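The values are calculated or read from the model by the stated rules, or taken from the named source; none is laboratory data. For clarity, every value in this text was computed on a predicted model and none was experimentally measured. Don't worry about glycine lacking a Cβ; one is built from the backbone with ideal geometry, like all the others, and counts go over all protein chains shown. Ligands, DNA and RNA are stripped out before the accessible areas are found, and what is left, the full protein with its side chains, is counted by its heavy atoms. Shrake-Rupley method; radii C 1.70, N 1.55, O 1.52, S 1.80 Å.
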Amino acid sequence: MEMKKLLNDSKKLASQYTTWVTFVGLLLLLSVLTKGNALRWNSIRNLLIAESVRSFAALGVGMIIITKGIDLSIGYVVCLTASVAASFAQNPDYASAIYAGQSFPLIVPVVAAVAAGGLFGLFNGYLIAYGKLPPFIATLGSMSIAKGLQLIYTKAAVVGSLNQNFKNISQGSVGPIPNLIIYVIIAAFIVWVVLRHTRQGTNFYAIGGNAQAARVSGINVERELMMVYTYAGILYGIAGTLLASRLGLANSLTANGMELDAIAAVTVGGVSQSGGVGSVSGMMVGVFTMGLINYGMSFLGVDSYYQQLVKGFIIIVAVYFDMKKYARRS
Amino acid sequence: MKKLVAVLLVLALLGTAVFAQGSSEAKSDKVKIGALIRNLNEQFVKDYADNLRKLAAEKGVDLNLQDAQGDVARQLDQLNTLITQGYKYFVIIPQDTSATEQMAQQIKAAGGGAAFSNIQPSVAALKVGKDFYLASSPELVAGQYQAQIIDEYFAKNPEKAPGKVLNMLYLLGQLGHPAQISREAGLLDTLKSLGYTVNLIARDTADWSPDKAQEKMDTWLAAHRGKFNIVVAQNDGMALGAVESLITNGLVDNDPSDGTILTFPVIGIDATADALNSMDQNKLYATVLQDSVGQSSTAFELAYAMATKGSATGMTAWGIAPASQVISEEPANDPAVIAQCYLVPFKPVTKANYKDLM
């Protein structure tokens, strides 16, 4: 009897914390396979750094998916914002610099990139909220616009030779803790506060759960939708800045495919495509679960072709169970 | 829901079956060399990687080869991973020149060294320490050979370029890429010094990709038909895309006596197997060999020497001695690092010699 109850309880626990269980399971598996090597601080630090920029994208698209939206423009918007940031941080003596001969204070690349990201988010939000375009189509369009703008702005060239101060934004660390990890913690905390402790956050969930009902209960659905895409855009702007700073360059390939990584991560983290469900902790665990899979396979020297295969299966399996869970509920 | 966990774990376990061999090979007594390769989807890069694997097997080296899939961030992550796993000596095809200094610094901090191929490291990357090497071919030379091939063709067929005027369609690699810049400079400067007037009827990037090149050519042929007499591409992939476009657009004279059945000669760089095949069918006119075996063997021997003897300074690798004279191309233009540069020669590949490579 006791045993059965225990089993039931643990089942319940497992279903409630699927994403956590998966994460811990994978972590244990990897540590066994690598005889503990993968759990050393250096390895964990590598993993955290590798996933930090994606975390920003995931937090942004996670909020959007909670409102039952989607954003396909992430990769190219991050690419654009990274290029914008990089262009204002090039060494002035670099002959092929976009603004050759000029140097800007450190704040300029950051503000420019965040503004570019925010504007793109606002544009997406406007199309979706007021233009009534389906998010899939609106962001598909803006994805191509972002790509075009990036190519025009950079003339398709690599934006390289960035100054050390700018690179230190991402490459620096406080004691043993890399800056990037600190930024992620701050961003996750802010998004958590917005989602859980503001009226607006509650509205996001309400809109995702049932937009009609939300409207009837007095929520300004259009305004809130526009805000959520703008917030996401700002996060992509930060992601672009950090990525350019980390790599010391930006080019037209930077962040390509990041939308898929971010969407997959938050989905694995339990943010439901049916809207109205998801948490910051889930998003972050999702990001690090996908990261762990990437990192683990790379650590174990798995052929890159197989890595893609395994990642694809994991995404499909996660969404399959997610859909089943909510199909049963309704 | 526990099913999800179960399935994921089973999947992960299945995965491990695939890669268990990989990790069991990693014995500590073996010489360990890491290979960071920018994108295995490109033919030259794949040939380079295959030769590395072959050399590693011959020498009993534990080679951990990572594919960055065209992503600088992924390449830096992979470097971190390998350093954590105790790899100190690397063979690298960087994704981007701008990231090489950072990579070199990380490797130096781990007490190791590296040899860079194909995509040039920056001068600053080689200045990080004497254990950082260039094992690559100067891109200028590839462009110069293309110019010589063009000169030979029009010397034999002067009626095709009256007054030594070349009206060129030029397909470029990724803009700002060191190979794009240097190959173009080598080509245009040499043609000029050979007495040609070059009009670039169309000049644009196709990002090294055959399908983008084909699309671009289709558009150009609609716009500039009859206004050009030569097609040059900065790699074979794009050259073959251009060949396809010329064929589908009917620009074929079916007369192979000038070396190609196309109305205009198309010239590439790399000498991939596909390109040689196309030459054999009298489609592609000529190419320039970028020696994947030469570059990878040189880089591997340097890394192997560092891993086994602690240093590779001054050694001869794959029959190539360190350069002694500066050239005009980075990073071999700086006397301070010239002794760290191993210049693997390019080779023109024409009708006269292509069969030797097949």
Other protein chain Cβ atoms within 10 Å, averaged over every residue that makes up A:308-315:
2
Convex hull of Cα atoms in region B:42-180, direction-averaged projection (nm²)
10.8 nm²
Compare the peptides A:224-232, A:109-117 by average per-residue count of other Cβ atoms within 10 angstrom and give them in order, highest first.
A:224-232, A:109-117
By how many nm would the segment from residue B:355 to residue B:222 lengthen if fully extended, with 0.36 nm per residue of separation less the alpha-carbon distance?
44.4 nm
Whose amide H sits under 5 Å from the amide H of residue B:113, counting only residues 5 or more places off or on another chain, with H placed in the peptide plane?
B:89, B:90
Normalised Cα Rg of chain A, dividing by 2.2 N^0.38 Å with N its residue count, works out at 1.03
Mean projected area in nm² (Cα convex hull; one quarter of hull surface) for the protein assembly as shown:
33.7 nm²
If r is the Cβ-Cβ distance from residue A:305 to residue B:54 and R0 is 25 Å, what FRET efficiency results, to the nearest 0.05?
0.85
Among B:97, A:323, A:125, whose Cα lies farthest out toward the positive end of the dipole of the protein assembly as shown, if unit charges sit on the beta carbon of Lys, Arg (+1) and Asp, Glu (-1)?
A:323
Convert 10 °C to kelvin, take the viscosity as 1.306 mPa s, use the Kirkwood radius over C-alpha pairs of chain B as Rh, and evaluate the Stokes-Einstein diffusion coefficient in µm²/s, rounded to a whole number.
73 µm²/s
Go ahead and estimate [θ] at 222 nm for chain B from helices alone: -39,500 (n - 2.57) per DSSP H run with n ≥ 4, summed, over the residue count, rounded to 500.
-14000 deg cm²/dmol
For the pairs A:35/A:311; B:108/B:130; B:160/B:283; B:88/B:130, flag any whose C-alpha to C-alpha distance is greater than 19 Å.
A:35/A:311
So which DSSP H runs in chain A come out at 30 Å plus along the axis (Cα) with average Kyte-Doolittle of at least -1.0?
A:41-66, A:107-129, A:221-247, A:304-329
Cross-link pairs beyond the 32 Å C-alpha cut-off, checked among B:46/B:156; B:54/B:309; A:132/A:324; B:46/B:127:
B:46/B:156
Residues residue B:316 and residue B:255, FRET efficiency given R0 of 45 Å [Cβ-Cβ distance, rounded to 0.05]:
0.45
Tell me the mean residue ellipticity at 222 nm calculated for chain A from its helices only (DSSP H runs of n ≥ 4, each -39500 (n - 2.57), averaged over every residue, nearest 500).
-24500 deg cm²/dmol
Note down the accessible area of residue B:330, probe 1.4 Å, to the nearest 10 Å².
90 Å²
What is the diffusion coefficient of region B:141-288 in µm²/s, taking the Kirkwood radius over Cα pairs and the Stokes-Einstein relation at 20 °C with a viscosity of 1.002 mPa s?
145 µm²/s
Name the long-range amide H neighbours of residue B:134: under 5 Å, sequence gap of 5 or more, or other chain; modelled H, no Pro or chain starts.
B:116, B:341, B:342
Using Cα springs under 10 Å in a Gaussian network model of chain B, which residue among B:233, B:35, B:155 shows the largest mean-square fluctuation?
B:155
Distance in nm between pseudo-label sites at residue B:277 and residue B:156 (7 Å out along the Cβ direction from Cα):
2.4 nm
Can you give the charge dipole size of region B:141-288 about its Cα centre, rounded to the nearest 20 debye, using +1 on the beta carbon of Lys and Arg and -1 on the beta carbon of Asp and Glu?
480 debye
So the label point goes 7 Å from the Cα of residue A:103 along Cα→C-beta, right? Which residues of region A:154-172 then have their backbone N under 11 Å from it?
A:163-166
